[in-house]
Amino acid sequence: MKSIERRGKVLILTWLLVGCLAAPAFSLETIRINSSIKPPFSTLAQDGFFDLLLNELFARVDNIQVELIRLPAERALQMADDGYSDGEIPRIGGLSEQYPNLIAVSEPVIDYNFVAFVRTPANERMSWQRLAGEDVGIIIGWKIYEEQVPASAKVTRVVAPAQLMDLLSAGRINFALYERYAGYHLLKEHQHNNIAECFPPLAVRPMFLYLHKKHAALIKPLATALRRMKKDGSWQRIAAQTLGSPDTK
């Protein structure tokens with residue numbers, strides 16, 4: 001009787017083992033990506049542009065799950081470089097020289113329009129040099145503004161984008177430097193009817209997803225998957241769903 005019981009247990013264990021081996025392989029890994037970005041690029045409901053883009057992108061690469069962590073811009077970048085999180089989005093190219101532990105996925109996630117907002121009317125032509133000697137507001141950790149605003153400008157640095165528009169609306173700064181889509185979202189959300197964008201943009205730059213070097217093996221597959229998303233229309237679908245056009249924001 002005991003012999004039969006033992007044989008039965010062996011058979012059960014064998015079936016369980018075979019079942020595990022026969023089951024399709026899938027990854028339960030979660031990648032934690034830092035971002036300081038607000039709506040419409042990332043939302044608390046996780047239905048912003050980067051929320052949807054990253055979920056679909058990583059799902060195409062070994063079915064990896066993504067968690068987007070919201071942090072102030074400078075802290076987000078430093079924590080990713082230190083390896084406390086897995087990556088950072090979105091950032092301009094070339095940051096690996098300053099943050100050597102971060103590697104950029106070579107295919108851009110989007111092109112950013114870095115613009116200046118002013119109190120209306122906005123009837124002057126914008127350039128970096130136009131900011132010389134002016135009261136300018138920027139967000140701490142936005143490297144392009146930290147590097148390109150003329151040294152003679154009187155720079156006010158803030159943590160939250162809403163602070164930029166509040167300062168500008170109140171006349172405490174002359175120029176608020178931000179991204180176009182996110183800027184228009186703020187103007188609508190906070191009903192700043194006395195603020196407008198200056199043209200042309202100060203810069204248009206491709207923006208990238210960076211991963212910590214411990215995930216170096218994912219860099220090429222992610223670049224390939226992102227190019228395929230642009231080719232098959234998935235990227236465009238997500239952009240239309242979440243960004244629309246500044247005029248509608």
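Under 29 Å between alpha carbons: how many lysine pairs meet that in the chain, if sequence neighbours fewer than 8 apart on the same chain are excluded?
26
Once you've got the GNM for the chain with C-alpha springs shorter than 10 Å, pick whichever of Gly48, Gly183, Gly133 has the biggest mean-square fluctuation.
Gly133
By DSSP, what percent of the beta bridges with both residues in the range 44-193 are antiparallel, rounded to the nearest 5? Don't skip to the answer; put the middle values down first.
Numbers: 4 of 11 bridges.
Around 35 percent antiparallel, to the nearest 5.
Which of the helices in the chain meet the span-like rule: DSSP H, Cα axial reach of 27 Å or more, Kyte-Doolittle mean at least 0.0? Mind dumping the intermediate values first?
On the way: long enough: 2-22 (30 Å, 0.82).
Membrane-span-like by this criterion, though nothing is claimed about a membrane: 2-22.
I need the shape label for the range 97-237. Rule: rounded when a/c is under 1.5, else prolate if a/b > b/c, else oblate, with a, b, c from the alpha carbon gyration tensor. Can you show the working numbers first?
Details: a/c = 2.40, a/b = 1.75, b/c = 1.37.
Prolate, since a/c reaches 1.5 and a/b exceeds b/c.
I'd like the FRET efficiency for Arg130 and Arg172, computed as 1/(1 + (r/R0)^6) with the beta carbon distance as r and R0 of 25 Å, rounded to 0.05.
Numbers: r = 19 Å, r/R0 = 0.76.
Efficiency, rounded to the nearest 0.05: 0.85.
Kirkwood Rh, Cα Rg: Rg to Rh for the range 71-124?
Values: Rg = 15.0 Å, Rh = 13.3 Å.
Across the range 71-124, the Cα-based Rg/Rh ratio is 1.13.
Using only the alpha-carbon atoms, what does the range 128-185 span along each of its principal axes? Please give whole angstrom values in decreasing order.
Between the extreme Cα coordinates on each principal axis of the range 128-185 lie 28, 23, 18 Å.
Taking square-rooted eigenvalues a ≥ b ≥ c of the alpha carbon gyration tensor, is the chain rounded, prolate or oblate, where a/c under 1.5 means rounded and, failing that, a/b exceeding b/c means prolate? Working shown, then result.
Details: a/c = 2.89, a/b = 2.54, b/c = 1.14.
Prolate is the answer for the chain, as a/c is 1.5 or above and a/b outweighs b/c.
Read-outs throughout are calculated quantities, based only on the coordinates presented, and are distinct from any laboratory measurement. All figures in this text were calculated on a predicted structure; none of them were measured in a lab. Heads up, the Cβs are rebuilt from the backbone with ideal geometry, glycines too, and the neighbour counts pull from every protein chain shown.
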